[in-house]
1. Give the residue, chosen from Gly248, Gly235, that is at positive phi and at pLDDT 95 or above.
2. Among the residues of the range 157-164, are any surrounded by fewer than 15 Cβ atoms within 10 Å (Cβ to Cβ) and more than 14 Å from ligand 1 (Cβ to nearest atom)?
3. What do you reckon, is Glu263 at pLDDT below 95, out of contact with any Leu (no Cβ under 9 Å at 6 or more places or on another chain) and not assigned by TED's automatic domain parsing to the domain that holds Phe203?
4. For the range 1-49, which positions are closer than 18 Å to Glu193 by Cβ, modelled with pLDDT under 95 and basic (Lys, Arg)?
5. Looking at Arg204, is it under 30 Å from Tyr4 (Cα atoms) and at pLDDT 95 or above?
6. For the range 168-188, enumerate the residues that are outside any strand (DSSP E or B), in contact (Cβ under 8 Å) with a residue 12 or more places away in the chain, surrounded by fewer than 18 Cβ atoms within 10 Å (Cβ to Cβ) and over 22 Å from the mean Cα position of the chain (by Cα).
7. Report every pair of residues separated by at least 6 positions or lying on different chains whose Cβ atoms are under 9 Å apart, first residue within the range 228-250 and surrounded by 10 or more Cβ atoms within 10 Å (Cβ to Cβ), second assigned to a loop (DSSP other than H, G, I, E, B) and among the charged types (D, E, K, R).
Amino acid sequence: MKNYLRIAIQKSGRLQEGSMTLLKESGLAISNGRGQLKTQAHNFPVEILFLRDDDIPQYIEDNVADVGIVGENVFVEKNKKNTLIKRLDFAKCRLSLAISKSEDYKGLSSLQGKNIATSYPVIVRKYLDANNIKAGIHEISGSVEIAPGIGLADAICDIVSTGSTLLSNGLKEVETVMLSEAVMIAGPELSDEKKEILDRLLFRLEAVNSAKNNKYILLNCPDEAIEKITSVIPGMKSPTVMPLSRKGWSSLHSVVNENAFWEKIDQLKSFGAEGILVIPIEKMIR
Ligand code: ATP
Ligand code: ZN
């Protein structure tokens, strides 16, 4: 029987689309599994299982799936026999403590003896213990943000991305407990054959995510500026330099990190760079 790597992803929710997109951009021919329990890629030895994200760590521990994509918060909270093998750079959010807007906050000690509602009791307990705060934890599975308003708790710990949900429920964010993003996790024992498939997949994921974080940059510059510009945008090995038909000028091509780009642009201009073009990269293999 042919060996497949079984990848568990969220059936529906905030991780679903990002997980599918990443796998598809990695060249896996898979169909959207709405309503389906599993699907196979036509061109790569993987099987995708569509599950509730909260169940994925357990399924991996039980060897029903080999690897999975979950929020780091779920990976830490469930605390199963899973290892984090790759951060995936999407579904970025934070787990934060929030209290009623009208209440004073003088640091964590304000939570001493209070009741905190959360879907993440393990993470919250660890955080409170590390900070020597004794507080009650009230575990609820959804709509955590309404707990203070209905008198169920004094504070909450929940996922925040922009904070607008907190505001509209009369809450203010007071502490960040952990940062989270989508991660790939794996079980403790993969066969050599599955490891080999996983390595090929990780190689592709890396190529896709590096490409997203980098841009191809082309610019024109006077020849005497080439050295200075190279020191600012060295690229993967070194830039490509081609002469323009206009004497004393060159076209320089390189790769630049997306986040660093805006900081570097003024410097490049001050060295005499002109006609700067920035182009997306689809895949990048270092
Ligand atoms: P259910 O299990 O009922 O589907 P859930 O809250 O576990 O609900 P989602 O809301 O789909 O599932 O969230 C899945 C993961 O996506 C979370 O564990 C978290 O890592 C991440 N996430 C949640 N909210 C946001 C957000 N606003 N922005 C970015 N990432 C988020
Ligand atoms: Zn969930």
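The values are calculated or read from the model by the stated rules, or taken from the named source; none is laboratory data. These figures come from a predicted structure and were not determined experimentally. Ideal geometry is used to build each Cβ from the backbone, glycine not excepted, and the neighbour counts take in all protein chains shown.
1. Values: Gly235 fails: at pLDDT 95 or above.
Just a single option satisfies the conditions, and that option is Gly248.
2. Keep residues of the range 157-164 that are surrounded by fewer than 15 Cβ atoms within 10 Å (Cβ to Cβ), which gives 161-164.
Now drop any that are not more than 14 Å from ligand 1 (Cβ to nearest atom), which leaves none.
Checked the range 157-164: no residue is surrounded by fewer than 15 Cβ atoms within 10 Å (Cβ to Cβ) and more than 14 Å from ligand 1 (Cβ to nearest atom).
3. Details: at pLDDT below 95: yes; out of contact with any Leu (no Cβ under 9 Å at 6 or more places or on another chain): yes; not assigned by TED's automatic domain parsing to the domain that holds Phe203: yes.
Answer is yes for this residue.
4. Matches in the range 1-49: Lys2 only.
5. Details: under 30 Å from Tyr4 (Cα atoms): yes; at pLDDT 95 or above: yes.
The answer is yes for Arg204.
6. Narrowing the range 168-188 to residues outside any strand (DSSP E or B): 168-170, 181, 187-188.
Adding the requirement that they be in contact (Cβ under 8 Å) with a residue 12 or more places away in the chain leaves 169-170, 181, 187-188.
Imposing the further condition that a residue be surrounded by fewer than 18 Cβ atoms within 10 Å (Cβ to Cβ) reduces the set to 170, 181, 188.
Once the filter is applied, which keeps residues that are outside any strand (DSSP E or B), in contact (Cβ under 8 Å) with a residue 12 or more places away in the chain, surrounded by fewer than 18 Cβ atoms within 10 Å (Cβ to Cβ) and over 22 Å from the mean Cα position of the chain (by Cα), the range 168-188 yields Gly170, Pro188.
7. Met236/Arg286
Conditions (1) outside the structural domain of Val160 (by TED's automatic domain parsing); (2) in contact (Cβ under 8 Å) with a residue 24 or more places away in the chain; (3) polar (S, T, N, Q), marked per residue:
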position: Gly35; (1), (2), (3): yes, no, no
position: Phe44; (1), (2), (3): yes, yes, no
position: Ile48; (1), (2), (3): yes, yes, no
position: Arg52; (1), (2), (3): yes, yes, no
position: Gln58; (1), (2), (3): yes, no, yes
position: Val70; (1), (2), (3): yes, yes, no
position: Lys78; (1), (2), (3): yes, yes, no
position: Lys86; (1), (2), (3): yes, yes, no
